1. Compare the Cα positions of ALA42, GLY85, LEU74 along the charge dipole of the chain (+1 at Cβ of Lys, Arg; -1 at Cβ of Asp, Glu; about the Cα centre) and return the one farthest towards the positive end.
2. What is the mean projected area of the alpha carbon convex hull for the chain, to one decimal in square nanometres?
3. Roughly how tilted is helix 88-105, in degrees to the nearest 10 and between 0 and 90, from the longest Cα axis of the chain?
4. For the range 9-79, which GluC sites (Glu not before Pro) are both in a DSSP coil and crowded by at most 11 other Cβ atoms within 10 Å?
5. Please state the charge dipole magnitude for the range 1-81, taken about the Cα centre, from unit charges on C-beta atoms (+1 on K and R, -1 on D and E), reported in debye and rounded to the nearest 20.
6. Could you give each residue of the range 46-55 its phi-based ³J(HN,Hα) in whole Hz, using Karplus coefficients 6.51, -1.76, 1.60 with θ = phi - 60°, and x for Gly or Pro?
Amino acid sequence: MSAEDPITRELTAIWREVLELDEDEVDPEEFLFEVGGTSLQAVQLMTRIREAFGVEIELAVIYAEGSVGRLSELVEEGLLAGLDGLTPEEALRLLQEETVRAERTGDHA
């Protein structure tokens, strides 16, 4: 995942808010506890990821693999797994909804 990827950008924003970091303090490969994160902040990250992406990442995974880079990969995997059971109509509806959301937020990746 690159920093230009919309998932990585959104996760970086969540990471910065939860951990109260400046933009230049975020290293996508640095783990939660390496940047001084706490258990409470890990729970906040888990909740914010679920709210932002609709993907459930277990707390143990955030503890063990919790970097922006790795979490971006896991979110993408979760999003793709969620597409497997969709009908073409459902996939089109989701794509249209995401297009509208991206236009509203200026996120044209």
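1. Toward the positive end, the furthest listed residue is GLY85.
2. Computing the convex hull of the Cα atoms and averaging its projections yields 6.9 nm².
3. 50 degrees
4. Here the GluC sites (Glu not before Pro) that fit, given the DSSP loop and packing criteria, are GLU20, GLU29, GLU56, GLU58.
5. 360 debye
6. 4, 5, 5, 5, 4, 5, 6, 10, x, 10
Values quoted throughout were computed directly from the atomic coordinates according to the rules given, and no laboratory measurement underlies them. Predicted model, so just to flag it, every value in this text is computed and none were measured. Here the Cβ is made from the backbone with ideal geometry for all residues, glycine too, and neighbour counts use every protein chain on show.
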